[in-house]
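Each remark here refers to the structure printed beneath this line.
The values are calculated or read from the model by the stated rules, or taken from the named source; none is laboratory data. For clarity, every value in this text was computed on a predicted model and none was experimentally measured. Every residue, glycine among them, receives a Cβ derived from its backbone with ideal geometry; neighbour counts consider all protein chains shown.
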Amino acid sequence: MAWDGFIKGELTCRNCGKVLGNQNRGNPAESYLATYTGICYECQRIGKTLIYTYPLDGCKLWSYPPHAPAWRRNRETYRAYDDCPECKGNGYKRVSRSLSQGGDYNKSCPTCFDRFWGNPRRIAASNFREERLKGLREKHNQNFIEEALATIKGLEVVKPVGRNGRELKRIPKGWKPQAYIPFPKGDPREVSISALVDKHFSLYEVERSKLDQEWEELFPDVVSDYRIPEHPLK
Ligand SMILES: [Zn+2]
Ligand SMILES: [Zn+2]
């Protein structure tokens, strides 16, 4: 049977728990893959809802119904400061556009955006994390390349492979074995280097999660977006 575009199984709204409509009942769009948003039409239409307040400066994250509520769309979220003169604490600005171009739409309030990302404490936290991450990536890249080169050296002389996968009879000028898997898939050299990639990636991940912990101890007042508690209307 050809796939009909509906997500299989019984789905429920993650906000109210109601069983979502499908090809046999209710609003089919609720379970249709291209229009599935995880919530039902009623919850899609709920008005302005507070999702989160940032402890650092009281900025608020708001959830709104889609700007064209008749369409099946995800809800929209905007950050806003209650006292913002530009958006009056709503977090967005309405942008006019002709119907032929898709009609009016909302965009984030630039004043709130600048205030949020211009906060010196937030800048310090973000710079700290970026710099440390950069160092981590460089270190693991270097370790990986050294180990990969050592691995290749221990193996037979590497022959260059043509586009058809066959070894070339003559070595092209300037060719040298690269650390980045120049071998056909399944070749023992490719297998050992792929294993090295996995190893260094997991080492990197371990250190990255330690860095995240340290980051949270140093900047407990700055909450990164991925630490915001889940909210069913987000
Ligand atoms: Zn619902
Ligand atoms: Zn604003």
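Where residues in region 56-65 are under 30 Å from Asp221 (Cβ atoms) and under 23 Å from the mean Cα position of the chain (by Cα), which of them is nearest to ligand 1 (Cβ to nearest atom)? Break it down stepwise before answering.
Start the filter on region 56-65 by keeping residues that are under 30 Å from Asp221 (Cβ atoms), which leaves 56-64.
Subsequent filtering for residues that are under 23 Å from the mean Cα position of the chain (by Cα) retains 59-64.
Details: Cys59: 27, Lys60: 23, Leu61: 20, Trp62: 18, Ser63: 13, Tyr64: 16 Å.
By that ranking, first place goes to Ser63.
If you go through region 14-55 one residue at a time, how many are under 30 Å from Arg122 (Cβ atoms), within 10 Å of ligand 1 (Cβ to nearest atom) and charged (D, E, K, R)?
1
Within region 194-234, count every residue that is among the β-branched types (Val, Ile, Thr) and farther than 15 Å from Asn127 by Cα.
Filtering region 194-234 for residues among the β-branched types (Val, Ile, Thr) gives 197, 206, 222-223, 228.
Then drop every residue that is not farther than 15 Å from Asn127 by Cα, which leaves 197, 206, 228.
Of the residues in that region, 3 qualify.
Please indicate, with yes or no, whether at least one residue in region 2-13 is at pLDDT 95 or above, away from ligand 1 (no atom under 13 Å from the Cβ) and over 30 Å from Ser96 (Cβ atoms).
no
Starting from region 73-89, keep only residues that are within 16 Å of ligand 1 (Cβ to nearest atom), then list their pairs with residues that are of a type in the set (A, V, I, L, M, F, W, C) whose Cβ atoms are within a distance under 9 Å, requiring at least 6 positions of separation or different chains.
Asn74/Ile39; Arg75/Ile39; Arg75/Cys43; Arg75/Ile46; Arg75/Leu233
Those residues that are among the small types (Gly, Ala, Ser) and either assigned by TED's automatic domain parsing to the domain that holds Trp71 or closer than 30 Å to Gly89 by Cα (or both), I need them from region 14-52; list them, please. Break it down stepwise before answering.
Going residue by residue through region 14-52, those that are among the small types (Gly, Ala, Ser) are 17, 21, 26, 29, 31, 34, 38, 47.
Residues satisfying the conditions are Gly38, Gly47.
For every residue, the table says whether it meets (1) outside the structural domain of Glu205 (by TED's automatic domain parsing); (2) in contact with a Leu (Cβ under 9 Å, 6 or more places away or on another chain).
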| position | (1), (2) |
| --- | --- |
| Asn74 | yes, no |
| Tyr78 | yes, yes |
| Asp82 | yes, no |
| Lys88 | yes, no |
| Gln101 | yes, no |
| Glu131 | no, no |
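Condition first: more than 8 Å from ligand 2 (Cβ to nearest atom), part of a helix (DSSP H, G or I), in contact (Cβ under 8 Å) with a residue 24 or more places away in the chain and more than 22 Å from the chain's Cα centre (by Cα). Now tell me which residues in region 111-122 satisfy that.
Arg121
Using the structure shown, decide if Cys109 is within 29 Å of Arg14 (Cα to Cα), within 16 Å of ligand 1 (Cβ to nearest atom) and in contact with a Gly (Cβ under 8 Å, 6 or more places away or on another chain).
Values: within 29 Å of Arg14 (Cα to Cα): yes; within 16 Å of ligand 1 (Cβ to nearest atom): no; in contact with a Gly (Cβ under 8 Å, 6 or more places away or on another chain): yes.
No: the conditions fail for Cys109.
Examine region 190-202 for a residue that is modelled with pLDDT under 80, more than 30 Å from Tyr64 (Cα to Cα) and assigned to a loop (DSSP other than H, G, I, E, B), and state whether such a residue exists.
No; the residues of region 190-202 include none that is modelled with pLDDT under 80, more than 30 Å from Tyr64 (Cα to Cα) and assigned to a loop (DSSP other than H, G, I, E, B).
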